[in-house]
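Some notes on the structure that comes next.
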Amino acid sequence: MRKTLWMITIVCLFVISASPQNSEAVDGDRFQPLRRFSQVLDLVEHNYVEDISRKELVDDALKGMLEQLDPHSTFLSKEDFTEMQEATSGEFSGIGIEISLEKGRLTVISPIEDTPAYKAGLKSGDLILEIDGTPTQSISLMEAVSKIRGKRGTDVVLTILHKGANKPLKVTITRGSIQIQSVKSQELEKGYLYLRLTRFSENTTSDMHKALAQYKKSHKIKGIVLDLRNNPGGLLTQAASVADTFIDKGLLVYIEGRNKNSRKDFMAEGDAQYADVPMVTLINSGSASASEIVAGALKDHNRSLLLGERSFGKGSVQTIIPMADGSGIKLTTARYYTPSGRSIQAEGIDPDIVYPFVPPVKEDNENDRFIIREQDLTRHLENTDETESAKKDVQTDKAVKMLEKDNQLRLGLQLVKQLPRLKKIQ
C-alpha cells in the first residue's frame with residue numbers, strides 16, 4: 001500500500017531591493033484587506049446585538065472563507081477533525097451518507113452500503129431539504145454533517161426530495177455505529193468473482209487482496225465483476241493501489257495543483273497479479289472521486305469494460321491540514337487527471353455500455369408453483385455430504401438472488417464470460 005506524506009512548507013524569500021518605497025507600497029496593498037477584516041471583527045465584537053466570542057467569530061469567518069472556494073473545502077473544528085480521521089479509518093457514528101453542496105443545495109452523493117441511510121432508501125442525487133425541521137438552504141457542509149451525525153440510537157428526521165420526484169417526504173433514520181466493510185466478494189459462477197468496493201478507506205487494498213487470494217486458493221479466476229456503484233470515494237493512495245492490482249504498467253492517475261511543477265504521477269509498480277483476468281466494472285452516478293480514478297485508469301488502459309451510467313464527476317483532491325490548536329482545514333489543493341490527461345471534474349466517466357439500473361418487479365410467489373426440482377420428487381436421493389451440500393446451496397442461492405434483482409450485474413456477468421471470445425472477433 002502506498003502512503004503519501006503531505007508536507008506544508010513555508011518558504012520565505014528575501015530580496016534586496018534598491019527601491020524600498022515600492023516594497024512598502026506592495027506590503028501596504030497586501031495587508032489592507034487584513035486591516036479591514038480586523039476593523040469589521042472589532043465592530044461586530046463590540047456592537048452586535050448579542051454577546052459573541054472572538055474565537056467563534058474567527059472560526060465562522062474561516063468557515064465562510066473556505067466554503068466560498070468550492071463545495072469540498074471547509075474549516076474543521078477539533079470535533080470535526082476527529083470525526084474526519086475516524087471516517088477514513090473505517091468506523092464512526094451516524095447514518096452512513098456522503099453529502100455535498102451542489103449549487104447551494106445539500107445533495108446526497110451516495111449512501112454507504114448496509115448503513116441506516118442505505119436501508120432507509122436514500123439514493124445518489126437526492127436533495128436534503130430539511131434536517132430535523134431546519135431548512136438546509138443556507139447551511140454549510142460541516143454544519144449539515146454535524147446535525148446529521150449523532151449518538152448511536154438517536155433519530156434524525158430528513159426531508160428528502162428524490163431525483164425526479166414531485167413531492168418531498170420525511171424520513172426518520174436511527175443513527176448507528178457505522179463499521180464500514182469496504183470490500184465484499186461473492187462467487188457468481190464457478191471461476192467468476194464479484195468484488196464490491198463500498199469506499200476507499202485505509203485497508204481497502206489489503207482487504208481486496210485478501211479476498212482475491214482466498215478465492216484463488218481453490219479456484220482459477222476466469223473473470224471479475226468489479227462493482228464501484230454508489231462508492232463515494234475516499235483516499236487517493238488507495239484508489240491508485242487498487243488500480244495497480246489490475247494494471248501492470250504505465251500511468252494510473254496524476255494530480256496537479258495551480259503550479260504546473262507540482263504535478264505528481266502515480267505509476268503502476270509492475271507486479272499486478274491480476275492484469276490478465278477479464279474484467280467488467282460497474283459504475284453509476286454515485287461513483288465519485290476515488291472510484292472514478294479507478295474507473296478512469298481501467299478505461300484509459302483498455303483494461304476493463306465499463307458498464308452502467310455516467311459517474312458523479314468529482315475530479316478534485318482535498319488535503320487535510322492539521323492546525324496547532326487541534327482543528328484543521330480540508331482544502332482543495334489539486335485536480336486529478338486520468339492517464340490520457342482528461343479531467344473528469346463536473347463531467348464524470350462515461351461507461352462503454354450505457355445500461356441503466358432497473359429495480360426488480362415484485363412477483364407473486366405463485367408463479368413458481370409449477371417449477372419442480374429434484375428435491376420435490378417423492379423418494380428422491382439425499383445428498384450424502386450434507387454439510388458441503390448445504391454450504392454450496394447457500395452460496396449458490398445468494399448469488400442467484402443477487403443476480404435476480406440486479407440487471408446490471410446480470411449483464412456484467414454475461415459480458416465478462418464472453419470477453420475472451422469478443423477479443424477474437426474482428
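The values are calculated or read from the model by the stated rules, or taken from the named source; none is laboratory data. The structure presented is a predicted model; accordingly, all values stated were derived computationally and were not measured. We place every Cβ from the backbone using ideal geometry, glycine too, and count neighbours over all the protein chains shown. Side chains included, ligands, DNA and RNA excluded: accessible areas come from the protein's heavy atoms. Shrake-Rupley method; radii C 1.70, N 1.55, O 1.52, S 1.80 Å.
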Task: Of the criteria (1) at pLDDT below 80; (2) surrounded by 10 or more Cβ atoms within 10 Å (Cβ to Cβ), which one GLN21 fails - done: (2)
TODO: Enumerate the pairs (first residue in the stretch 33-60 and touching a residue at least 24 places away in the same chain (Cβ under 8 Å) and on the phi > 0 side of the Ramachandran plot; second residue anywhere and polar (S, T, N, Q) and in a loop (DSSP other than H, G, I, E, B)) with beta-carbon separation below 8 Å, excluding pairs fewer than 6 apart on the same chain, so at least 6 apart or on different chains.
DONE: none
Task: Conditions (1) in contact with a helix residue (DSSP H, G or I) (Cβ under 9 Å, 6 or more places away or on another chain); (2) in a loop (DSSP other than H, G, I, E, B); (3) open to solvent by 20 Å² or more (accessible area, probe 1.4 Å); (4) under 30 Å from SER73 (Cβ atoms); number of the one not met by ALA346 - done: (1)
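With respect to THR237, is the statement that it is hydroxyl-bearing (Ser, Thr, Tyr), within 15 Å of THR281 (Cβ to Cβ) and assigned to a helix (DSSP H, G or I) true?
Values: hydroxyl-bearing (Ser, Thr, Tyr): yes; within 15 Å of THR281 (Cβ to Cβ): no; assigned to a helix (DSSP H, G or I): yes.
Against the criterion (hydroxyl-bearing (Ser, Thr, Tyr), within 15 Å of THR281 (Cβ to Cβ) and assigned to a helix (DSSP H, G or I)), THR237 does not qualify.
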Open item on the list: With the structure loaded, tell me whether THR198 is touching a residue at least 12 places away in the same chain (Cβ under 8 Å), under 27 Å from ARG149 (Cα atoms), in contact with a Ser or Thr (Cβ under 8 Å, 6 or more places away or on another chain) and open to solvent by less than 30 Å² (accessible area, probe 1.4 Å) or whether it fails that test.
Closed with: yes
Task: Qualifying position, being open to solvent by 30 Å² or more (accessible area, probe 1.4 Å) and either in a loop (DSSP other than H, G, I, E, B) or β-branched (Val, Ile, Thr) (or both), among LYS170, LYS163 - done: LYS163
Open item on the list: Here is a check on your reading of the model: is ASP132 of a type outside the set (A, V, I, L, M, F, W, C), out of contact with any Phe, Trp or Tyr (no Cβ under 6 Å at 6 or more places or on another chain) and open to solvent by less than 50 Å² (accessible area, probe 1.4 Å)?
Closed with: no
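Report yes if LEU141 is under 25 Å from SER73 (Cα atoms), in contact (Cβ under 8 Å) with a residue 12 or more places away in the chain and open to solvent by 30 Å² or more (accessible area, probe 1.4 Å), otherwise no.
On the way: under 25 Å from SER73 (Cα atoms): yes; in contact (Cβ under 8 Å) with a residue 12 or more places away in the chain: yes; open to solvent by 30 Å² or more (accessible area, probe 1.4 Å): no.
So LEU141 does not fit the description; no.
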Open item on the list: So in the stretch 285-320, with the set limited to residues that are open to solvent by 30 Å² or more (accessible area, probe 1.4 Å) and assigned to a strand (DSSP E or B), which one is modelled with the highest pLDDT?
Closed with: LEU305
Open item on the list: One residue is enough: does the stretch 261-277 have a residue meeting the conditions in a helix (DSSP H, G or I) and open to solvent by 40 Å² or more (accessible area, probe 1.4 Å)?
Closed with: yes
